[in-house]
Amino acid sequence: MELLIQGLNRLLGQALPDWAVVLIGMAIVITLIFVLAPVIFMFLTWLLRRGIARFADRIGPNRTGLGPFNKERTRQRWPLWGLLQPVADGVKMFTKEDIIPDKGDKVLHRMAPIAAIVPAMLVFAVIPFGKELSAVDLNVGVVYVVAVSSLFTLVLLVAGWSSNNKYSLLGAMRTAAQMVSYEVPMVLSLVVPVLFARSLSLNAIVAAQAGLRWYIFYFPLGTLAFLTYFTAALAEVNHTPFDLPEADSEIVAGYITEYSGMKFALFFMGEFINQFLVCALATVLFLGGWQGPGVGIGGVLGYLLSVFWFFLKAFALYFLFVWIRATWPRLRVDQLMGFAWKRLVPITLGNVLVSGLAVVVWSLLRK
Amino acid sequence: MTIVVPRHDEFRPFGTGLIKGLLVTMAHFIRSYGKRNLRIPGKEPFPGGRFGLFTVQYPEERAPVPDRYRGLPILLYDDATGAELCTACMSCARACPVGIIHIEQGVDEAGKKIPYAQHFMIEYESCLNCGLCAEACPFGSIVMDHHLETARTDREGFRMTKERLLRPISYYAQIAPTVWAEIREEAEKRLEGTIKRRPAGVGVVRR
Amino acid sequence: MNRETAVHVPMEVEELETEPITLNIGPQHPSTHGVFRMKVQLQGETIVALEPILGYLHRCQEKLAEGHTYLQSIPYTDRLDYICSMTNNHAYVLAVEKLAGIEVPRRAECIRVIMDELTRLLNHALAVGFLLNDMGAWLTPVQYGLREREKILDLFEMASGSRMMCNYMRFGGVAHDLPEGFMPLLRKVVAEFPGFIDEYERFLTTNEILLSRCKYVGILPPDRAIAYGVTGPVLRASGVPYDVRKVDRYSLYGEIDFDVPIGTVGDVYDRYLVRIYEMRQSVRILEQAIRMLEETPPGDIQSKVPRSLKPPIGEAYGRIESPKGELGFYLVSDGSEKPYRWRVRAPSFVNLTPLEEMCRGHKVADIVLILGSIDITMAEVDR
């Protein structure tokens, strides 16, 4: 955003006072985030459906989408990519009847879906999408991300409670328990890149990984941190193999059972955006963020290349999510919790300890 | 004689089974961009074995249907003479498990019964597609068509009367040649006898 | 996961008093294999009691058959267990042949064995796929199983005229002879099927998540299995080596060499493995049956049976090893062309009875898994 404000200053600096320019800059950035998030969500659903289909030897949605505008030729040329399928799904969600349970808490029921996407949007503000292209450059970026993304747990407790359905409440409590348990190994894995980069700012962590010195290649500490972060992140966003609370067999859909139409779509969107954010965070912390060949070139090309590299890595990680979703069955709740507390927490704690020692020893050796 | 199934209790590093599963699905993903496993008549079915896209883009492509496929029953008439093969012997009506074939035999001026079906109605909506009527018919008159898309919005449209059921033999010989070849000789021989026993002009399909 | 942690021991806590809650896993449910209802009593997460409620798919087939002739009941047997229609036909036809004393020519017996074993492959591929689906692998194992089924269903369509409601067996043989393209495609399927089973095993058998979900879940000890009258893969997974094909030696199974896989513990994992190994044995049987068919000189495929069969007065019980268990037909004839009593011994119905005992002490998420491992079809349970 600093870049934007400088640019705006040059354009309008004479006409408007400083605070107005900053305000215009903030408005533009907020609009960009509000446009970017749903577009990413739509692309991710498309990727999910086509990916899972291809893993199962079929094609996936291919009737709505880009193709020649001539209807006759469109009908013959069936390898359309189905890219407008998410739009069709969105239209379907809009036109569904909105049902609010009679005895539930109506205010909370209306508020929960909106509150579901707020933490996701807030985290968008600190992620560096490209060279100098983060909305806000906080010097405690990692702490901010962890704190804000854990607000989601509250939202789903509210959603489960306001449905007046004992199975929704059961599902919400289970999900909340799962998310809280997996926060611990996730945060502990995040500490390792912070130790390596000696900074909590996301931009600084990306800058420290220039030239293919990505933290995932720091064998064994960085790799282990990446693996544990990935596993804990799978559980945080309720993804297979940890999606028992939401794709369950006896409590139908968990905390989102009583939500229909656009509210369900908002929860769904919140979940997908969370998955993307987790992938983006993994990219930033372990895979070098927007670093890649060619970002050193000055001018617009350098910025564009950095954005390209960032999204390529983030979507590649999301493809890994899709791959896992197509392949593995899911764990039961007690096995899930046992896995978190009995296996992941000791491993991550040990990892942090050894990383700290390694960093100290390395800096002593350098002197 | 008996095999005890192995329970795979031996030690394996954690994650090998998971990785093997991932590799299997990835192999399918990559090879799904290769050939397509279509069933095309005249070509080798399922050329790709386990790999390749397995779906058919309906309605542009349709998987072919074999000769013996049992759709819904139809009645046959001879192309050359226009004579219907059905003699109203009631074999199919007796054979049908659901009892949806309703036949009324025709009579001539003297009141004697002739081998001709005055009324013939099948309730398509209740048909089991079992083919017992086609097996029971000694004249090769009622056979199974290859209907695939039979949905309608009105129930009366399912009550098929004789005009809607009649098809020429050439049509059936084209869609199910092997089945027709089995019953052709008997059917043609009996048709000659049937035509002789009918009064002139009765049982002939108007073109 | 070791054996001791499998059964939940409720701990007495002095301050908290919890009441059991009743959960209704209703007839419409994505994972109950048809319309099946269960009333489950839970103490926390652990199951205390389970009551299955059946009858949502009852279609009065046994009463209807008393108004049909013996031949007209054959399409109705297709619809008993709709996945395995060929074996249903075979069981019924066997019962009538016992009742009326009809012999079957050898070529027809070979064809019957081939169709039976193909049906076994069909059913087990689907059962394993849907077990994994209940466990949460989103449809990929199902799709792989369905893909192999498509090839076999094409074979059925070629031979009998229909993929699912085959209506192929008749008293004294089969309805039609095998068409032209059948044997090459059958050989291709038999050659490729072991590759598919190997791939399935690589994919699933040592998957750690599957192991931790399935091992020591839903254990049925062998003495309890025999007491309940359970048959089929469930019984064999509990360790009892009982297979009707080996005991009765009906059709040509006396001349065919195959093994019977049995399990040791009797949990969900054993049932899954028994089905995989049964698929391999079915391929072995198919290879031998194809050879026997080629060695048999071409002849009749149906012995002479009057169009409307009037068996002598008496009763007969004909049973076969269907993919789900022992499928039996008990027929009582009063000399006319319609049976006096027509009774089906459905394997799914009897295999459902130990459900409560298998589920007690486990968590709610295990119910669906145990139900999937018994492999029921509600059409057979309710008839």
Checking B:E104 against (1) touching an Asp or Glu at 6+ places or on another chain (Cβ under 6 Å); (2) exposed (fewer than 14 other Cβ atoms within 10 Å of the Cβ); (3) of a type outside the set (A, V, I, L, M), which test does it fail?
(1)
Checking B:G201 against (1) free of Cβ contacts under 8 Å to residues at least 12 places away in the same chain; (2) under 23 Å from the mean Cα position of the chain (by Cα), which test does it fail?
(2)
Which of the helices (runs of 4 or more DSSP H) found entirely inside the range C:283-383 contain at least 2 residues meeting this: away from chain A (no Cβ under 14 Å)?
C:347-352, C:355-359, C:378-382
Could you list, in sequence order, the residues of the range A:255-271 that are hydrophobic (A, V, I, L, M, F, W, C) and surrounded by fewer than 23 Cβ atoms within 10 Å (Cβ to Cβ)?
A:M262, A:F264, A:A265, A:L266, A:F267, A:F268
Here the residues within the range B:149-185 that are among the hydroxyl-bearing types (S, T, Y) and closer than 25 Å to B:R206 by Cα are B:T161, B:S170, B:Y171, B:Y172
With without any contact (Cβ under 8 Å) to a residue 12 or more places away in the chain and away from chain C (no Cβ under 14 Å) as the only criterion, which of A:V360, A:V354, A:V284 stands out?
A:V360
When only residues in the range B:117-137 that are within 15 Å of the chain's Cα centre (by Cα) and in a loop (DSSP other than H, G, I, E, B) count, which is farthest from B:A83 (Cα to Cα)?
B:L128
Could you check, for the range B:135-153, whether at least one of its residues is over 28 Å from C:A159 (Cβ atoms) and in contact (Cβ under 8 Å) with a residue 12 or more places away in the chain?
no
Within the range C:52-107, restricting to residues that are touching a Leu at 6+ places or on another chain (Cβ under 9 Å), of a type in the set (S, T, N, Q) and not in a loop (DSSP other than H, G, I, E, B), the one that is nearest to the other protein chains (Cβ to nearest Cβ) is C:Q72
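Being surrounded by fewer than 22 Cβ atoms within 10 Å (Cβ to Cβ), in a helix (DSSP H, G or I), within 11 Å of chain A (Cβ to nearest Cβ) and out of contact with any Asp or Glu (no Cβ under 7 Å at 6 or more places or on another chain): is that true of C:V142 here?
Spelling it out, C:V142 is indeed surrounded by fewer than 22 Cβ atoms within 10 Å (Cβ to Cβ), in a helix (DSSP H, G or I), within 11 Å of chain A (Cβ to nearest Cβ) and out of contact with any Asp or Glu (no Cβ under 7 Å at 6 or more places or on another chain).
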Go through the range C:191-200 and count every residue that is facing chain B (nearest Cβ under 7 Å) and more than 16 Å from C:D154 (Cβ to Cβ).
2
Scan of the range B:47-98 for residues that are of a type in the set (D, E) and in a loop (DSSP other than H, G, I, E, B), ordered by number
B:E60, B:E61, B:D67, B:D78, B:D79
Restricting the range A:126-145 to residues that are hydrophobic (A, V, I, L, M, F, W, C) and crowded, with 19+ Cβ neighbours inside 10 Å, the residue that is farthest from A:E236 (Cα to Cα)
A:A135
Quick one: which helices (runs of 4 or more DSSP H) sit completely within the range A:74-158 and have at least 3 residues that are away from chain B (no Cβ under 14 Å) and within 30 Å of A:L190 (Cα to Cα)?
A:106-124, A:141-149
Condition met for B:C86 (touching a Leu at 6+ places or on another chain (Cβ under 7 Å) and within 10 Å of chain C (Cβ to nearest Cβ)):
no
Is it the case that some residue within the range C:153-174 is of a type in the set (G, A, S), at the interface with chain B (Cβ under 7 Å from one of its Cβ atoms) and not in a helix (DSSP H, G or I)?
yes
Please work out if A:Q291 is polar (S, T, N, Q) and either buried (at least 20 other Cβ atoms within 10 Å of the Cβ) or away from chain C (no Cβ under 14 Å) (or both).
yes
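Name the residue, out of C:D259, C:D300, C:D267, that is surrounded by 24 or more Cβ atoms within 10 Å (Cβ to Cβ) and charged (D, E, K, R).
Sole residue among the options that is surrounded by 24 or more Cβ atoms within 10 Å (Cβ to Cβ) and charged (D, E, K, R): C:D267.
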Residue satisfying all of: in the range B:2-41; within 30 Å of the chain's Cα centre (by Cα) and within 11 Å of chain C (Cβ to nearest Cβ); surrounded by the fewest Cβ atoms within 10 Å (Cβ to Cβ) among these
B:P41
Name the residues in the range A:325-367 that are surrounded by fewer than 21 Cβ atoms within 10 Å (Cβ to Cβ) and over 30 Å from A:A197 (Cα atoms), would you?
A:V333, A:D334, A:Q335, A:M337, A:G338
Leading residue by the ranking (nearest to C:G325 (Cα to Cα)) among those in the range C:278-291 that are hydrophobic (A, V, I, L, M, F, W, C) and buried (at least 18 other Cβ atoms within 10 Å of the Cβ):
C:M279
Consider C:K188 against the criteria (1) more than 8 Å from chain B (Cβ to nearest Cβ); (2) assigned to a helix (DSSP H, G or I); (3) of a type in the set (K, R): it satisfies all of them except one. Which criterion is unmet?
(1)
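Output yes when any residue across the range B:100-108 is in a loop (DSSP other than H, G, I, E, B) and either within 14 Å of another protein chain (Cβ to nearest Cβ) or on the phi > 0 side of the Ramachandran plot (or both), and no when none is.
Within the range B:100-108, the first condition is being in a loop (DSSP other than H, G, I, E, B), and the residues that meet it are B:100, B:108.
Those still in the list that are either within 14 Å of another protein chain (Cβ to nearest Cβ) or on the phi > 0 side of the Ramachandran plot (or both) too: B:100.
Yes.
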Before we move on, is A:R58 in a helix (DSSP H, G or I), among the basic types (K, R) and either modelled with pLDDT of 80 or more or touching a Phe, Trp or Tyr at 6+ places or on another chain (Cβ under 8 Å) (or both)?
no
With a cut-off of at least 1 residues that are charged (D, E, K, R), name the helices (runs of 4 or more DSSP H) lying wholly within the range A:193-304.
A:221-236, A:262-286
May I ask you to list the residues in the range C:249-304 that are in contact (Cβ under 8 Å) with a residue 40 or more places away in the chain and of a type in the set (K, R)?
C:R271, C:R275, C:R280, C:K304
Filter pass, A:V307 being in a helix (DSSP H, G or I), among the β-branched types (V, I, T) and within 14 Å of chain C (Cβ to nearest Cβ):
no
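The values are calculated or read from the model by the stated rules, or taken from the named source; none is laboratory data. All figures in this text were calculated on a predicted structure; none of them were measured in a lab. Don't worry about glycine lacking a Cβ; one is built from the backbone with ideal geometry, like all the others, and counts go over all protein chains shown.
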